[in-house]
Amino acid sequence: MQARSERTREALIRATAELIAEGRPADAGLVNICRRAGVSRGALYHHFSSTAALAAAVHDQARLRLEEIVDEAFSGPAADAPERFSLALAEALGTDKIVRAGMELAPDGSSGPPRLRDHLMSLVRDRVVAVHEVTGRPDDAPRQDLADLAVVMAAGIETLGRADPGWWDSGISRRLWGLVRPLFP
């Protein structure tokens, strides 16, 4: 019985993420979620106190996945970390609807600030600054400028991909990073 309950909970999270990823947070209403998940309203309320709580669960799963992406990207050579992050983010946005939906959500499940996207970009900026404090040389571009550039690249790819998912293609990210890579020590 517990396995069935967990499958229902995951189906609700997945359905909510799909509705948000394919449209906007407002599309993830009670009726649409239940219909997409193939469950009753009672099943939704058995697992979540509200659709906002359900959207918050999407945010939480996306946050965990994105924090893993950041940790993995910044565990290798410092100079390539922002590029590795951008490539992994583009891949996740293109293939993982929970990540794509979660980027649009605040911790409380609303679409208002602060959204996961804001948290992620702040986290990446802090990691780029920290990495270049350790490895930077006096003749390098200021750390904050490099951090800002890394965030602009990641945020731009994320935003443009919402209108045209082709922007999430790794070839585009690699080509763009090829242009700016010489700026990173």
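The values are calculated or read from the model by the stated rules, or taken from the named source; none is laboratory data. All values reported here derive from a predicted model rather than from experimental measurement. Note that each Cβ is placed from the backbone with ideal geometry, even for glycine, and that neighbours are counted across all protein chains shown. SASA here: full protein model, heavy atoms, side chains in, ligands and nucleic acids out. Shrake-Rupley method; radii C 1.70, N 1.55, O 1.52, S 1.80 Å.
Before moving on, here are some points about what is shown:
- Accessible-area composition of the chain, carbon plus sulfur, in percent [1.4 Å probe]: 53
- Helix 2-22 vs. the chain, principal-axis angle (Cα, 0 to 90°, nearest 10): 60
- All Cα pairs of the stretch 1-68, percent lying beyond 18 Å: 30
- Ligands, DNA and RNA are left out, and with a 1.4 angstrom probe the accessible area of the chain is 50 Å² per residue.
- Using only side-chain charges placed at the Cβ, +1 for Lys and Arg and -1 for Asp and Glu, the dipole size of the chain relative to its Cα centre rounds to 720 debye.
- Averaging the sequence gap over all C-alpha pairs within less than 8 Å and six or more residues apart, then dividing by the number of residues, gives the chain a relative contact order of 21 percent.
- Using all pairs of distinct alpha-carbon atoms, the Kirkwood hydrodynamic radius of the stretch 21-125 works out to 14.6 angstrom.
- Here the sum of -39500 (n - 2.57) over DSSP H runs of 4 or more residues, divided by the residues of the chain, equals -23000 deg cm²/dmol at 222 nm, to the nearest 500.
- Note on the chain: Kirkwood radius taken over Cα pairs, Stokes-Einstein applied at 20 °C and 1.002 mPa s, translational D equal to 124 µm² s⁻¹.
- Candidates per chymotrypsin sites (Phe, Trp or Tyr not before Pro) in the stretch 29-114, loop by DSSP, up to 15 other Cβ within 10 Å: none
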